[in-house]
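The values are calculated or read from the model by the stated rules, or taken from the named source; none is laboratory data. Note that this is a predicted model, so its numbers are computed, not measured. Neighbour counts are summed over all protein chains in view; Cβ atoms, including those assigned to glycine, are modelled from backbone coordinates with ideal geometry. In case anyone asks, the SASA skips ligands and DNA or RNA and just uses the protein heavy atoms, side chains included. Shrake-Rupley method; radii C 1.70, N 1.55, O 1.52, S 1.80 Å.
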Amino acid sequence: MSVRLIFIGLMVFLGFWYVAILLWLMNRLNKSSEYGISGEKSSQSGSGKMKISDLFFHILVIVIVFFTVIKLMSYVGPAFASLGGVIVAIPVRALINASGRKTNVILTFSGMALLFVYLCFWYILIGVPVKPPVMTVGGMKVTLSKTSVEDLLDNGFDIYIMNDENTYEYSEMLTSGSYTKYDENQDITVEKGYRSTGETLRGAPYLLAKDDTLIGAIDLYGSLNKDVDIKDSKVVNFYMDKDCKDTLKSSNIDVKLGDLSLLGTFYTDDLKKLFKKRLWMIPDESNPTDSVYGIAWRTNSDSIFWNEYYAYIRIDENKNMRAFIISTSVAKDKH
């Protein structure tokens with residue numbers, strides 16, 4: 001059985017119990033109340049009316065607490081969900097006590113509490129899609145898994161397609177004949193399925209260039225199930241090395257990951273401020289020969305439902321980039 005079906009089955013199962021518990025609670029409240037679900041206010045409610053200002057204050061507190069809990073879950077992780085439910089229940093209980101209502105208010109907020117727990121389980125099991133990282137290449141915003149070949153062509157970029165696997169120096173790759181510039185009149189498709197060439201410039205299936213300057217290597221993705229015209233395919237991986245960096249600097253073509261220039265000097269404190277919890281790997285100062293920054297845009301479901309993204313920046317002893325790769329883990333079922 002596929003993993004995706006297992007996750008969906010779990011959520012359907014939890015949804016069934018959510019409805020069952022809510023119906024049971026409705027039945028219990030009907031039996032225990034003199035007036036049923038739509039009963040009157042209790043005798044403790046005084047005049048029977050709650051001031052609009054008081055109601056607004058209680059609702060405002062609930063909203064603030066709810067979004068605070070959601071924010072804490074994003075930092076602490078799904079394990080905070082249970083404690084978060086208890087925290088949200090405190091202002092909800094205060095509103096119930098202040099309103100003086102019995103069964104109808106209790107049922108409403110009990111249903112909301114159960115729905116909150118259900119959504120927490122949804123977040124724990126499936127998660128939510130992450131915002132794909134955005135690069136700036138030669139003044140153009142390139143969003144991984146969103147930007148198409150047609151978008152690149154419209155912005156003055158060129159795509160070179162590999163003819164053979166011969167190895168050439170960086171300065172010869174666009175002129176050796178090993179790669180051919182893509183012409184929009186050509187009928188070329190990207191084969192179905194996802195593939196990545198990894199950390200390599202020479203031998204990459206596609207090269208990205210602008211004004212006859214080689215920027216780096218890219219991988220294209222169309223669909224898991226069918227071949228797609230190359231113009232409609234999306235950029236899912238990007239790679240550049242020191243040769244690319246040196247040439248781009250001399251050509252005044254900047255390349256950025258978010259607000260981070262990939263052509264400058266790297267400092268750990270700067271990356272921590274920019275990427276925060278996404279920065280999961282930092283260079284080992286005691287081993288400068290293998291200094292790597294690792295940045296990840298992960299989801300709870302391990303790319304079963306949503307795309308994930310990973311970036312690695314290898315630096316030299318002077319803290320300058322010697323290799324950079326950013327890749328997409330395309331969402332797909334895992335058997």
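So, I326, is that one at pLDDT 85 or above, farther than 18 Å from K146 by Cβ and either buried (at least 20 other Cβ atoms within 10 Å of the Cβ) or of a type in the set (A, V, I, L, M, F, W, C) (or both) or not? Considered against the rule, which asks whether it is at pLDDT 85 or above, farther than 18 Å from K146 by Cβ and either buried (at least 20 other Cβ atoms within 10 Å of the Cβ) or of a type in the set (A, V, I, L, M, F, W, C) (or both), I326 comes out as no. The residues of region 119-146 that are open to solvent by 30 Å² or more (accessible area, probe 1.4 Å) and either touching a Leu at 6+ places or on another chain (Cβ under 9 Å) or on the phi > 0 side of the Ramachandran plot (or both), listed by number, are F121, W122, L125, V134, G139. When the residues of region 308-323 are filtered to those that are open to solvent by less than 40 Å² (accessible area, probe 1.4 Å) and under 20 Å from the mean Cα position of the chain (by Cα), which remaining residue is nearest to S286 (Cα to Cα)? Restricting to residues being open to solvent by less than 40 Å² (accessible area, probe 1.4 Å) and under 20 Å from the mean Cα position of the chain (by Cα), the top hit is I313.
Spot the failing condition for S233; the list is (1) farther than 30 Å from R4 by Cα; (2) at pLDDT 95 or above, and only one is missed. Evaluating S233 over (1) farther than 30 Å from R4 by Cα; (2) at pLDDT 95 or above leaves (1) as the failure. Where strands (runs of 3 or more DSSP E) sit wholly within region 220-292, those with at least 1 residues that are on the phi < 0 side of the Ramachandran plot and aromatic (F, W, Y) occupy 234-241, 279-281.
Per the conditions (1) open to solvent by less than 30 Å² (accessible area, probe 1.4 Å); (2) in a loop (DSSP other than H, G, I, E, B), the sole criterion not satisfied by S196 is (1).
The listed residues are K249, K231, and the only one of them that is among the basic types (K, R) and in contact with a Ser or Thr (Cβ under 8 Å, 6 or more places away or on another chain) turns out to be K231.
Within region 262-278, how many residues are within 16 Å of R298 (Cα to Cα) and either open to solvent by 80 Å² or more (accessible area, probe 1.4 Å) or of a type in the set (S, T, N, Q) (or both)? First the steps, then the outcome.
Quick first cut of region 262-278, residues within 16 Å of R298 (Cα to Cα) only: 275-278.
Retained after the next criterion (residues that are either open to solvent by 80 Å² or more (accessible area, probe 1.4 Å) or of a type in the set (S, T, N, Q) (or both)): 276-278.
Count: 3.
What tally of residues in region 1-50 results from selecting those that are part of a helix (DSSP H, G or I) and at pLDDT 55 or above? Going through region 1-50 one residue at a time, the tally reaches 30.
Among the residues of region 223-253, those that are open to solvent by 30 Å² or more (accessible area, probe 1.4 Å) and either touching a residue at least 24 places away in the same chain (Cβ under 8 Å) or among the aromatic types (F, W, Y) (or both) comprise L224, N225, K226, D227, D229, K231, D232, K234, K242, D243, T247, S251.
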